[in-house]
Structures are given as structure tokens and as C-alpha cells.
């Protein structure tokens, strides 16, 4: 197992760099998990804002409007003096002032003149209060026109039906994005960055002219040398895959382990590992020095992840970019990820599409392996 031990020695020298990538990856995963927890959808609640009322009418109708606003906002009464109202807005004691004029009923109900209001410039909450006051006044106008007394109209207007908001959670579609989807979204970058660097440095060491000559003159057959090299690479890949799977299980615990789609996520990650291994080996065959390796590794990992939706969600990416990204393997991994995030259980047509995408990932692995074999044979003959 001389070749195998040689591979492991070189990997051991680069262990610090591998640990740095793992720390960065898990730091991002933990940060995203915390962010997803904060954005978790809870109970819908109305927003109460500070509303001030300058009542010049002091009538039964104006008191009715104040009582109505008090049920949905924090209402205070202030003087109708302009200086007082300006001071209230300036110090942000209130963000909305309602000025009820004298002869409120005649002015706003009979003549349909709008109430005078003063708002904080650019405040979106003002539209919220505008709509509520307009609804109340229209309700009073409708009831009185229908023959109800003013008191009856106000009592009925106080009982305006409130909209009931129910967060929909279907049996198949899951409108809440699972928090671990962000973890899996960044997995391709981890695999590509770690494997391209580690395998690149190993292959650089074994492709030095003196080393090649010694290995060809060795009593160990070429087939055994290749098998030992592949074993070392697969062991590295297996360890990296196990760390990534263990990481999601620790970070998201029952939330992930009880998901009916856990098998799809794990299989998709295993296929991504196969892509990263074969692609990294292919890159390692071509590189001539460490500078070249750094450039190609960064271009491969960062470029492919940016284009294929690892760093930017596919839903907001340009359609033309996504069409180009279809020729890259990470696109199909991320496409499966995005689809899985939309479902609790997969309908048959969706499951078929996912299996087709996984088949394309497997085809990429096969294509890279054939290219590796062809190039390796060509180099040996040369």
C-alpha cells in the first residue's frame, strides 16, 4: 500500500486548508439556520400604530370614530392648534393625526368631504389608517341612508367583520422553505473547493518527472498503483460526505431526520460528491503547478456555484443564465434541491422529474470518468 500511504501523507500536509473550508462551510450553515429560525412564520397579528385625534366637533359621531380607532390603534386626543400637531409629529409621538372638523356629520357624511389628516412623510402605515377611516365613514353613510338612526349606525359600524388570516399548509406542497435547504444549497461549493485543491496537490506531486519514472520502474504494477490512488481519493470523498451528512443531522436534528424526502437529499448529495471527485481528478491531470491549480480551482468552484444557483436562488436568476447553466452538473443538483424544498411528499410526476435529473448527474459522472481514462491512457502512451 505504498502509493496509498503516499496519497495520505500529501493529504495530511494539506489538512489545515481542508479544515478551514469545513469551518467556513459550517459557520455559514449555522448563520443561515439562525436566520431561517427568525423568519419562521408565526401567528398573524394586526399592527397597532400611534394615532392622534384633534376633535373640534365633540359630537356623538366624532366620539364614535375615536372609539372605533381605539379598537385597532393606540389613540390619543390632542389640541387642534397647528403648533401642537407639528410638535407631535416632529418628536414622533404620533405618525398620523386625524382632524375632525365642526359639523362632522354634515361635512363628511352628508356632503362627503374627506377628513383632514396629517401624516409622517413617506409612511406606508398612513394608507392602512386611511382605508380604515374610509371604511367606517362609508359604513355610517350606508346605514343612515338605509334609515338607521345615527346611534344604530355607529353600533353596527363598531361590529365590522374582521378578516381572518389562516396560514395555508397543504398536505403535499410545503409553503415554508425547510431551513436545511440552505445547508444543501452550499454543499457543491464545499465538495468542489476541498476536492479540487486536495486532489490537485496530490496529483501534482505524483506527476513530477522523477516520481513518474520511479513509479514506472517500481515492482508495483501500474494497475495496483491506480487502484491504491483511487482508494485514497474515494476514502477522502467518503469522509467528506459523511461529515456533510452528519453536519445536517446535528444542526437540524429531528427536522431533517423525520423528513419523508431525506433519502432524496442524501442520494442527491452522494451524486454531487461523485461529480466533484471525477471533475477534481480531471482538473488534477491538467494542472502543471500550484498557481495554475489555485486559479482553476477557484474558477471551477466559485464560477460553477454562482452560475448554477448555489449562492443565488434560481428563482431570481436570469433565465438566459440558467439556460447556459444546464450544461453544468451543479445546475441539476440545485434544481433537485429547489424542487424538494417545495414539497413535503412528492407527487409521482415530480418524483419522475427528480429521478431524470439524478440520471443526468450520473451521466456527467460517467462522462468525466471516460475523459479521465482516455486522457490517462493518452499520457501513458506518450
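The values are calculated or read from the model by the stated rules, or taken from the named source; none is laboratory data. This is a predicted model, so every value here is computed, not measured. FYI the Cβ positions are ideal-geometry reconstructions off the backbone, even for glycines, and counts take in every protein chain you see.
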* Can you name every residue in segment 316-337 that is closer than 23 Å to residue 275 by Cβ and free of Cβ contacts under 8 Å to residues at least 40 places away in the same chain? -> 317, 321, 322, 323, 324, 325, 326, 327, 328, 331, 332, 335
* Asked: Just checking, which of 252, 306, 256 is free of Cβ contacts under 8 Å to residues at least 60 places away in the same chain and surrounded by 15 or more Cβ atoms within 10 Å (Cβ to Cβ)?
  -> 306
* To do: Have a look at 102, 110 and point out the one that is surrounded by fewer than 17 Cβ atoms within 10 Å (Cβ to Cβ), touching a helix residue (DSSP H, G or I) at 6+ places or on another chain (Cβ under 9 Å), assigned by TED's automatic domain parsing to the domain that holds residue 64 and more than 17 Å from residue 68 (Cα to Cα).
  => 110
* Say whether the condition of being at negative phi, under 28 Å from the mean Cα position of the chain (by Cα) and exposed (fewer than 12 other Cβ atoms within 10 Å of the Cβ) is met by at least one residue in segment 288-297. => no
* All but one of (1) more than 15 Å from residue 154 (Cβ to Cβ); (2) outside any helix (DSSP H, G or I) hold for residue 84; which doesn't? -> (2)
